[in-house]
Amino acid sequence: MMPDYPIPQDDETIALRLVGWIVADSVRAERMLSLTGLEPGALRTGLSDPATLGALMDFVINHEPDLLACAEALDVKPASLVAARERLGQ
């Protein structure tokens with residue numbers, strides 16, 4: 001359920017919302033940890049690091065079913081996630 005107030009759509013906020021979507025599902029979170037090699041502690045401390053956020057965005061973007069499901073859950077277009085990832089990498 002979306003809140004009744006507008007959610008900021010800056011790139012970092014989109015990335016953090018994407019991380020929330022990843023970890024909301026334990027199977028998906030375990031798959032992310034396994035594929036990225038991140039440890040839970042490194043994930044927590046890396047949330048302010050654009051490189052870590054970019055890697056987590058890549059995890060979603062590179063698996064089309066996740067990209068589509070995440071975009072729907074966050075109420076954004078898949079292309080918006082891809083564009084935010086590209087800008088974070090600059």
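Please treat every number below as a calculation from the coordinates, not as lab data. Computed from a predicted model, the values in this text were never measured in an experiment. Cβ: placed from backbone, ideal geometry, glycine included. Neighbour counts: every protein chain shown.
For the reader, a short list of remarks on this structure follows.
- Potential lengthening between residue 75 and residue 26 on full extension [0.36 nm per residue; Cα-Cα distance subtracted]: 15.5 nm
- Amide N proximity, region 47-90 versus residue 34 label position 7 Å along Cα-to-Cβ, cut-off under 12 Å: none
- FRET E, pair residue 42, residue 68, Förster distance 25 Å, beta-carbon r, rounded to 0.05: 0.35
- The charge dipole of the chain, taken about its Cα centre with unit charges on the Cβ of Lys, Arg, Asp and Glu (plus for the first two, minus for the last two), comes to roughly 100 debye.
- Residue with peak Gaussian network fluctuation, the chain [Cα springs, cutoff 10 Å], from 25, 11, 58: 25
- Tensor-based shape of region 29-82 (alpha-carbon gyration tensor, a/c under 1.5 rounded, otherwise prolate or oblate): prolate
- Theoretical gain in end-to-end length, residue 12 to residue 86 [0.36 nm per residue, Cα-Cα removed]: 25.5 nm
- Shown here: semi-axes √(5λ) of the Cα gyration tensor in Å, derived from the displayed model; of the candidates [x] 21, 15, 11; [y] 19, 15, 13; [z] 25, 18, 11, it corresponds to [y].
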